[in-house]
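See below for the structure under consideration.
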Amino acid sequence: MATRRSFLSALAGASATLPVFREQAINRVFRAGEMAKGRQPESLADDENYWTEIQRAFDVDRTMVNLNNGGCSPAPSHVLEQMIRDLKFSNELPVDHMWRVLEPRIESVRRDLARDFGCDIEEMAITRNASEANEIMIFGLDLKPGDEVIVTNQNYGRMITAWKQRERRDGIVLKQISFKVPPPSQQYIVDQFKAAITPRTRVIEVTHITNLTGHIMPVRELVDLARPRGIEVFVDGAHAYAHFPFTRDELGCDYYGTSLHKWLLVPIGAGFLYVRKDKQKTLWPLMAAAKEQDEDIRKYEEIGTHPAANHNAISAALAFHRAIGAERKIARLRWLRDRWAKRLKAESDRVTIYTPLDSPYGGGIGFFGVAGLDMTKLNSWLLDKHRIVNTLIVHPEFSGLRITPNVYTTPDEIDLFADKVLEAIRKGVA
Ligand SMILES: Cc1ncc(COP(=O)(O)O)c(C=O)c1O
């Protein structure tokens, strides 16, 4: 594992904005890294000495148990502080401090993200969230009336809304396929898409990990299915990037959009869009750019005046993420998920876990239902009575609660949540 010197130089390589990375935070993650030396991610997943150091990097409100980090997550304090410092510095003389000094640092952010995702610097655009990244894809491709787009009915609502607007405006045809939860196999999912393909199919949009049940979809297999048929695959990775490890080449995709204020832990207002170099010319930006920018990834960043502080905070969050390590992080997130999910399953035969456990197709997102219990009532009982933040999901084909801890979540918080669900199962929530 890293020595202090290699660790600091890794951080230094990560960002031009590094000097503001708080010494205390560096020490915190370094001390944790020392503890983790030579250990496998799985063996570290339940080591509270290590994870307590990570928890201390956050100033979170512990009077509530926050099990909705999937919506958006708190940032480590030093990352937030950097953003605030940049905002204050910008405000002193915006046209100079923001435009001349801070804005050009977006190029360091681009470099850092491209390196981590595994694409070329010229393929990485910084956006304000996944919605922006995904809508650049959805509205950016020329489509003719009658052209078909395939999504599932578990894609994110806003993305489906965007496609529906294209249906009304451009006469395209949106096909929403359904698939069982949990799906019997990855091949089963591919088969559902395959059955919907016709000679008019132009685009497949797939959610890398669904925000509903937390199933990791077979992106690579869908790309392999679509590419020979001339079908574009848009990947909505809002919940995937920095949640579990993968690279662009493992997915083989040409387009990818994500939020960075979910699992990368950037303060609210950050995302990225990856577009493979040879696809950039035919994907229009959402806001107009000059013809000379046709093949320049920066055309997707022509959004007018915006704070440089938000996108520059990405590099600090990425350095924190890399210091923990993607493998360690997913091992901990799966351990936290298993701690409540396996316990609920073991202690009540009324509980169904819809997220794959002991599987590479599940991560930190867990989704469950309880037979004979009104999940809407359980959702508000947990929140109002016990201050446990959780997410109610009501889909036409299933419903339940989504639970998303993060690296700062403690085992005590997970146990309190599981205790309360079991109490509700025993006594009801009236
Ligand atoms: C699958 C999916 N796509 C897109 C989004 C939109 O993300 P944002 O609100 O950051 O734009 C979300 C948000 O939860 C999501 O879950």
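The values are calculated or read from the model by the stated rules, or taken from the named source; none is laboratory data. Quantities reported herein were computed from a predicted structural model and do not represent experimental measurements. Every residue, glycine as well, gets a Cβ built from its backbone with ideal geometry; the counts of neighbours run over all protein chains shown. Side chains included, ligands, DNA and RNA excluded: accessible areas come from the protein's heavy atoms. Shrake-Rupley method; radii C 1.70, N 1.55, O 1.52, S 1.80 Å.
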Task: Cross-link pairs LYS180/LYS262; LYS262/LYS342; LYS164/LYS281; LYS194/LYS262; LYS144/LYS281 - those with Cα-Cα distance over 21 Å - done: LYS180/LYS262; LYS262/LYS342; LYS164/LYS281; LYS194/LYS262
Task: Convex hull of Cα atoms in the stretch 125-176, direction-averaged projection (nm²) - done: 3.6 nm²
Open item on the list: Charges at C-beta only: +1 for Lys and Arg, -1 for Asp and Glu. How large is the resulting dipole of the chain about its Cα centre, in Debye rounded to 20?
Closed with: 540 debye
TODO: First measure r as the distance between the Cβ atoms of SER77 and SER43, then evaluate 1/(1 + (r/R0)^6) with R0 = 45 Å and state the FRET efficiency to the nearest 0.05.
DONE: 0.95
- [ ] Return the calculated 222 nm mean residue ellipticity for the chain, to the nearest 500 deg cm²/dmol, obtained by summing -39500 (n - 2.57) across DSSP H runs with n ≥ 4 and dividing by the residue count.
- [x] -12500 deg cm²/dmol
Task: Potential extension, ASP191-ALA289 segment - 0.36 nm per residue separation minus Cα distance - done: 31.4 nm
- [ ] Over the chain, give the accessible area per residue in Å² for a 1.4 Å probe, as an integer.
- [x] 41 Å²
Task: Largest-first principal axis extents of the Cα set of the stretch 58-196 (Å) - done: 56, 42, 30
Open item on the list: How big is the stretch 307-366 along each principal axis, measuring the range of its Cα positions in Å and listing the largest first?
Closed with: 51, 23, 17
Open item on the list: Counting only protein heavy atoms and a 1.4 Å probe, tell me what percentage of the chain's accessible area is made up of carbon and sulfur.
Closed with: 52 percent
- [ ] DSSP loop (so not H, G, I, E, B), at most 14 other Cβ within 10 Å: list which trypsin sites (Lys or Arg not before Pro) in the stretch 34-115 pass both filters.
- [x] LYS37, ARG39, ARG62
- [ ] Set the Förster distance to 25 Å, then compute FRET efficiency between ILE303 and ASP142 from the Cβ-Cβ distance, nearest 0.05.
- [x] 0.70
Open item on the list: Using Stokes-Einstein with the Kirkwood hydrodynamic radius over Cα pairs, what translational diffusion coefficient do you get for the stretch 140-234 at 4 °C and a viscosity of 1.567 mPa s, in µm²/s rounded to a whole number?
Closed with: 96 µm²/s
Task: Intensity falloff of the chain expressed as log10 I(q)/I(0), Debye formula with alpha-carbon point scatterers, at q = 0.07, 0.12 Å⁻¹ - done: -0.35, -1.04
- [ ] Averaging over all projection directions, find the projected area of the Cα convex hull of the stretch 153-307 and quote it in nm² with one decimal place.
- [x] 10.3 nm²
TODO: Do me a favour and compute the ellipsoid semi-axes for the stretch 28-139 from its Cα gyration tensor, root of five times each eigenvalue, largest one first, whole Å.
DONE: 31, 21, 18
Task: Point-to-point label distance, TRP99-LEU87, nm (Cα→Cβ direction, 7 Å offset) - done: 2.2 nm
Task: Gap separating the Cα centres of the stretch 354-389 and the stretch 47-99, nearest whole Å - done: 27 Å
- [ ] With the cut-off at 18 Å, report for the stretch 89-137 the share of all Cα pairs above it, as a whole percent.
- [x] 47 percent
Open item on the list: I need the calculated FRET efficiency for the pair LYS279 and ALA371, taking r as the beta carbon distance and R₀ as 51 Å, to the nearest 0.05.
Closed with: 0.65
Task: Cα-based equivalent ellipsoid, the stretch 335-386: semi-axes from gyration tensor eigenvalues, Å - done: 21, 13, 10
